[in-house]
Each structure stands twice: as structure tokens, then as C-alpha cells.
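Report on the following structure.
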Amino acid sequence: MGKHKTPEINSSSTADIAFLLLCYFLMTTTMDQQSGLQRRLPPMPNEQQKVEDQKVNRRNIIVVKINSADRLFAGSEPMDLIYLKDKIKEFLTNPNNDPSLPEKEVKTLDIIGEYPVSKGVISLQNDRGTSYQAYIAVQNELVKAINELRDELSIAKFGKKYIKLETAEQEVIRKAIPQNISEAEPKDVSKK
């Protein structure tokens, strides 16, 4: 009895098929437009504001730093991540009118009327050696603090959470609780 050779599968067109499949998935896959970190730049200042900006009140800024060892600092004090959200909420609301916390400016807003809007700005600074996980975790806590404040105001004014509001109502809440997060370019902050 002679040996029978098993016929080989012709693989010359496999690369072509793989290329066609790749092209198909690239053309048919859509990217989620809602993902990512949303940041809104402040409007261009006029001449009068430029003079005022030179005298920025330090009490209106909280500096949040992440060093190269992923250690977190809020203001000048070291802090565990679990306390950051409450620290930011206290900073932005200044419930006891503490002179070391941000000023408030009473603004007349559509639908809700007069509301004391915080002048607080969160300045986020990370080290070049900061891990991506630590950076995202801190970002999440900052945004979570703002979202909770928006939910609290939405429930107080409209009886429902921010996400359930109409577009015009959401816009008013955003004006009352603005998301003022400023990100500086990464540098060496490991010594502090």
C-alpha cells in the first residue's frame, strides 16, 4: 500500500481576505462621540478683564497635583483619592463663607432666578511620570464632584436629577455649577 498525501489547503488568498475584512470593519465601525474628557475653554477676556485677571484671588484656585509616585495633593496637603470628591465639593460650595475658600458671584439665571455662582477653579497638575490610571482616577473624582453638585441643585430646583432635565434646564444648572477645570502641561511635581 502506498502512502496517501493529505492535500494542503491553498493559503495564497488568506492575506487578501484578511485585508478585505480589515477594510470592512474600518468602514463600518463607528466611534462613540460621547466618550472622552470634556473641557470647555473660558471665553476670550476683554481689556477690563485682563487687568482684573492679573490680580486673581488665590482663594479661588485649588491646585490638585499628582506626583510621579501617583501621590495626590489637594492644595498643599497630601490626600487619599477617596476624600478628593468631598474636598472639591466643599471648595466649590464654600458652605460657611470661609474666607480661604472661593468667592461667589450672585447671578440672575433663567428659570431659577438669583444664584450664588462659585468663582472656584480647579487647577490639575500631573508629573511626567504620573501613571495614566492615577490621572484618570483623579479626573473621575473631579468630574464626579461637579456632577453630584449639579444633581443636588437639580433635585432642589426641579425635583429630578440633572440627566433627566430638559435641555434648557440643564443649561441653567451648568451655568450655576460650571465645570472650571484647568489642566497645566505635565512637569516634575514629584518634590511636592
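Tabulated data
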item: Segment 49-183 - share of DSSP beta bridges that are antiparallel (%, nearest 5); result: 55
item: Lys, Arg +1 and Asp, Glu -1 on Cβ, resulting dipole of segment 137-186 about Cα centre, debye, nearest 20; result: 280
item: Full-stretch length increase - Thr14, Asp80 - with 0.36 nm per residue and alpha-carbon distance subtracted; result: 18.4 nm
item: Global geometry of segment 53-102, whether rounded, prolate or oblate, following the gyration tensor of its Cα atoms and the 1.5 cut on a/c; result: oblate
item: Diffusion coefficient, µm² s⁻¹, Stokes-Einstein with Kirkwood Rh over alpha-carbon pairs of segment 88-141 at 4 °C and 1.567 mPa s; result: 96
item: Unit Cα scatterers, Debye sum, segment 48-192: log10 I(q)/I(0) for q = 0.11, 0.15, 0.19 Å⁻¹; result: -0.46, -0.82, -1.15
item: Listed residues Phe91, Phe73 arranged by accessible area, highest first, probe 1.4 Å; result: Phe73, Phe91
item: Net charge of neighbours whose Cβ lies under 15 Å from the Cβ of Gly159, counting Lys and Arg as +1 and Asp and Glu as -1; result: +1
item: Computed lengthening from Gln133 to Leu22, 0.36 nm per intervening residue step minus Cα-Cα distance; result: 36.9 nm
item: Accessible surface, 1.4 Å probe, highest first, among residues Arg174, Arg71; result: Arg71, Arg174
item: Of Lys87/Lys160; Lys85/Lys175; Lys104/Lys164, pairs whose Cα-Cα distance is over 23 Å; result: Lys87/Lys160; Lys104/Lys164
item: 14 Å beta-carbon shell around Glu114, net charge (K/R +1, D/E -1); result: +2
item: Exposure rank, largest accessible area first [Ile17, Ile82, Ile66; 1.4 Å]; result: Ile82, Ile17, Ile66
item: Sequence ranges 145-153, 112-120, ranked by mean other-Cβ count within 10 angstrom, highest first; result: 145-153, 112-120
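The values are calculated or read from the model by the stated rules, or taken from the named source; none is laboratory data. Since the structure is predicted, the reported quantities are computational estimates derived from the model, not experimental observations. Every residue, glycine among them, receives a Cβ derived from its backbone with ideal geometry; neighbour counts consider all protein chains shown. Quick note on the areas: whole protein, heavy atoms, side chains included, nothing else; ligands and nucleic acids left out. Shrake-Rupley method; radii C 1.70, N 1.55, O 1.52, S 1.80 Å.
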